[in-house]
Amino acid sequence: TGEALTLAMQILQECVETTPGHIEKGHEAARLVVLEQFQAIDRELHLQDAPEGDMRRETAELLQDYADRKRERLSGVSHGIEFGIPYLDRRIGGFQPGELILAAGYSSDGKTTLTVQAAWSAAIEQGKNVVFFTTETLRPQVRRKLLARHSKLPIFNLPDGLNTRDLKMGTLPEEGEQMFPEIVRDMTKNPAYGKLYIAQVPRSATLASLELRLARIQREFPVDMVFLDYVALLAPSVR
């Protein structure tokens, strides 16, 4: 960034030969150089891992990859992050590193419930660090849904768990109200659990703005999985 700004100032104040035989000078040239340099910096910062190679030279790697996955399956360890729903995990095998999963459905089909369940399982049952971006559903609603799911753990002896409506209205039955502080303490203080970072997303947000926000969060702790509920409410950054 400093080099780009220094070069731009030199072009603005005096002639600079940027390439052999090509002289840059003045405000417009300086501005274009800054934009080009900043775009190059941005591309480098956000460059994602994109492996390549001749598959015919990867015999050992292919065999080892399958052997590793078979060993994990036989040991009961998932290679990715599971939904926490046995039927889905058997059918799909959970979320694999680097995958983008789109859950589509009509209104009130249970998309948010599915993502809340998967986020809870990833953090609580699997000890993963989760970031949950929410657009349509308010952050307090997502927290109540996660608490309601957590309340169904056998250690709390509440077979039906807590109801999100009761949590919202302050109308928990006596048994649930007595157990509620313990549920909250376990979910927030248990060192065996991963992080559950819930972020409210403004309606004008773009994928680029979320990526920058996620980069900031990533500096605080390693992120294993990201949920976005839901993508249709984001504003497009390009046509």
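Key figures for this structure:
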quantity	calculated
Volume per residue that the Cα convex hull of segment 147-239 spans, once the total is divided by residue count, Å³	134 Å³
For segment 82-173, convex hull volume per residue from C-alpha positions, Å³	127 Å³
Antiparallel DSSP beta bridges within the chain, as percent of all bridges there, nearest 5	30 percent
Segment Ser75-Gln10, extension gain: residue separation times 0.36 nm, minus the distance between their alpha carbons	17.1 nm
Segment 149-165 - phi-based ³J(HN,Hα) in whole Hz, Karplus 6.51/-1.76/1.60, Gly and Pro as x	5, 5, 5, 7, 4, x, 5, 8, 6, 10, x, 8, x, 8, 9, 4, 5
For Phe132, distant residues with modelled amide H under 5 Å away	Tyr197, Ile198, Ala199, Phe227
Packing-based ranking, highest mean first, of 12-24, 170-182 given that Cβ atoms within 10 Å are counted	170-182, 12-24
Accessible area per residue, Å², segment 1-144 with all protein chains present, probe 1.4 Å	74 Å²
DSSP-loop trypsin sites (Lys or Arg not before Pro) across segment 121-157, with at most 16 other Cβ within 10 angstrom	Lys152
Shape box of segment 1-93 [Cα atoms, principal axes, largest first, Å]	69, 35, 18
Estimated vicinal HN-Hα couplings, Hz - segment 113-123 in sequence order (Karplus 6.51, -1.76, 1.60; Gly, Pro = x)	4, 5, 5, 5, 4, 5, 5, 4, 4, 4, 7
Segment 52-96 - Kirkwood radius from inverse mean 1/r over Cα pairs (Å)	11.9 Å
When the convex hull of its Cα atoms is projected in every direction, mean area for the chain (nm²)	20.7 nm²
Percent carbon-and-sulfur accessible area, segment 41-170, ignoring ligands, DNA and RNA, probe 1.4 Å	51 percent
Estimated FRET transfer efficiency (Arg203, Ile23; beta-carbon r; R0 45 Å; 0.05)	0.40
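The values are calculated or read from the model by the stated rules, or taken from the named source; none is laboratory data. These figures come from a predicted structure and were not determined experimentally. FYI the Cβ positions are ideal-geometry reconstructions off the backbone, even for glycines, and counts take in every protein chain you see. Each accessible area value is taken on the protein alone, full model and side chains, heavy atoms only, with ligands, DNA and RNA left out. Shrake-Rupley method; radii C 1.70, N 1.55, O 1.52, S 1.80 Å.
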